[in-house]
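The values are calculated or read from the model by the stated rules, or taken from the named source; none is laboratory data. This one's a predicted model, so the numbers in the text were calculated from it and none came from an experiment. We place every Cβ from the backbone using ideal geometry, glycine too, and count neighbours over all the protein chains shown. Keep in mind that these areas ignore ligands, DNA and RNA; they rest on the heavy atoms of the full protein, side chains included. Shrake-Rupley method; radii C 1.70, N 1.55, O 1.52, S 1.80 Å.
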Amino acid sequence: MYLKGFILFLIAYLIGAIPTGLILTKLFLKQDVRKIGSGSTGATNVLRTGSKLLAFMTLLIDALKPYFAVFAVHFAMKKLFGGIITYGAYGLYSEYITMVVCGIAIFAHCFPIYLKFKGGKGVATAFGTLFLFSKHIEFLGISWAVLPLAGLGTWLTVAFISKKSSLSALMTALVLPVYVYYLNDLSSPASTYLVYFYIGVVVFVILRHTSNIKRLISGTESNIKLHKDENK
């Protein structure tokens, strides 16, 4: 049981730890994104290279990491271990495993073994988890995921008003547990743990943004820039 769980969660970690921003900037720009701006490998710092396309690609792939990790873990469960892992009288059902895998993917993105545990700040990867847990509504003949829409709307609103990416990320993270509680279907026992999961995400995001919070308080935090910062 423990060895199987370790293997599955190691798979999730190794996928979440892939340094998307560094790979893309080195591949297409021959540039090390860690040597500019904040030194992060996340999309916001990739944007400081001046490439909106690479920043968007970094954002998209980092947001998809939870999907890749969950798919790989469930595939391994079926092919290697013959299905759901059980322990004693209790089964580790799909919802619980998905939450754990998503948490590992976020952690791995921030502390990747490939880069001596120095990665991004986890915002895009945390945002990507919303698609895995969200209920859907039908509008204009299209199925819309409620939680990502609420989260994106919050981020865009705060970003438009403040022009600060870090403040947008922090405010969005802070309201995620509220959105999960009021906007999602919490009828199943596993789903109720989503609130606690996103409270954990809030704490993690805040801890990853302590330097940004200090700059926000002192008024020295930089605004969102859509062009290369020559001073960095």
³J(HN,Hα) computed for each position of the stretch 156-166 - Karplus, 6.51 cos²θ - 1.76 cosθ + 1.60, integer Hz, glycine/proline x: 5, 5, 5, 5, 5, 7, 9, 6, 10, 5, 5
Heavy-atom accessible area per residue - the chain, 1.4 Å, Å²: 55
Residue among SER222, SER51, SER143 with the largest mean-square fluctuation in a Gaussian network model of the chain, springs linking Cα atoms under 10 Å: SER143
Rounded percent of accessible protein surface that carbon and sulfur make up, the chain, 1.4 Å probe: 70
Within the chain: Cβ-based charge dipole about Cα centre, in debye rounded to nearest 20 (Lys, Arg +1; Asp, Glu -1): 900
LEU27 versus LEU60: modelled label distance in nm, points set 7 Å from Cα along the beta carbon direction: 1.2
Alpha-carbon Debye profile of the stretch 124-174, log10 I(q)/I(0) at 0.17 Å⁻¹: -0.54
Over 18 Å (Cα to Cα) - which of LYS4/LYS78; LYS30/LYS65; LYS26/LYS52; LYS65/LYS121 fall in this group: LYS30/LYS65
Extension gain, SER162 back to ASN223 (0.36 nm per residue minus Cα-Cα distance, nm): 21.2 nm
Under-5 Å amide H pairs with THR41, H placed in peptide plane, nonlocal only: GLY120
Residue-count net charge about TYR193 - beta-carbon cut-off 14 Å; Lys, Arg +1, Asp, Glu -1: -2
For the stretch 99-210, radius of gyration divided by Kirkwood radius, i.e. Rg to Rh on alpha-carbons: 0.99
Kirkwood-Stokes translational diffusion coefficient of the chain, alpha-carbon pairs, 25 °C, 0.890 mPa s, µm²/s: 132
